[in-house]
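The values are calculated or read from the model by the stated rules, or taken from the named source; none is laboratory data. This structure is a prediction, so every number in the text was calculated from the model and none was measured. Note that each Cβ is placed from the backbone with ideal geometry, even for glycine, and that neighbours are counted across all protein chains shown.
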Amino acid sequence: MKDLMKKLCAPILNLFEEGEEGYVYRPSHRKILVAVAILFLILALSSVAMTLSSGLLGGLVPAVFFGGAGLVCLIVAWLGSDQAVARIWKNR
């Protein structure tokens, strides 16, 4: 299952996994990345809830932005290599 998900998410993962330069990785970086992803997804869901309650479609812009950022963070945290996690934090 994980291999299938890696193939489906390869365009996103390749952005962070390409290159052979050195990197600094700590296991806490992955945990923090999951926490940041959850916060982004909470912001996205809150924005959708406010958009639906107000009836104004302008709230979908932050929902798409925060939702996309949250999904990228989750994909890199759960499927990405140690190098990908370090590169999303810019630790080289």
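Laid out as a table, the results:
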{"item": "Any chance residue 71 is closer than 18 Å to residue 6 by Cα, of a type in the set (A, V, I, L, M, F, W, C) and modelled with pLDDT of 95 or more", "result": "yes"}
{"item": "Single unsatisfied condition, residue 17 versus (1) modelled with pLDDT of 95 or more; (2) in contact with a Lys or Arg (Cβ under 8 Å, 6 or more places away or on another chain)", "result": "(1)"}
{"item": "Positions within segment 37-66 being under 30 Å from residue 22 (Cα atoms) and touching a helix residue (DSSP H, G or I) at 6+ places or on another chain (Cβ under 7 Å), in sequence order", "result": "37, 40, 66"}
{"item": "Positions within segment 83-92 being outside any helix (DSSP H, G or I) and closer than 11 Å to residue 16 by Cα, in sequence order", "result": "89, 90"}
{"item": "Helices (runs of 4 or more DSSP H) wholly inside segment 1-82 that include at least 2 residues being within 13 Å of the chain's Cα centre (by Cα) and either among the aliphatic types (A, V, I, L, M) or surrounded by 15 or more Cβ atoms within 10 Å (Cβ to Cβ) (or both)", "result": "10-17, 27-54, 60-79"}
{"item": "Unmet requirement for residue 60, which otherwise passes all of (1) at pLDDT below 90; (2) of a type in the set (A, V, I, L, M); (3) touching a Ser or Thr at 6+ places or on another chain (Cβ under 7 Å)", "result": "(1)"}
{"item": "Tally, over segment 1-18, of residues that are under 16 Å from residue 71 (Cα atoms) and touching a Ser or Thr at 6+ places or on another chain (Cβ under 9 Å)", "result": "2"}
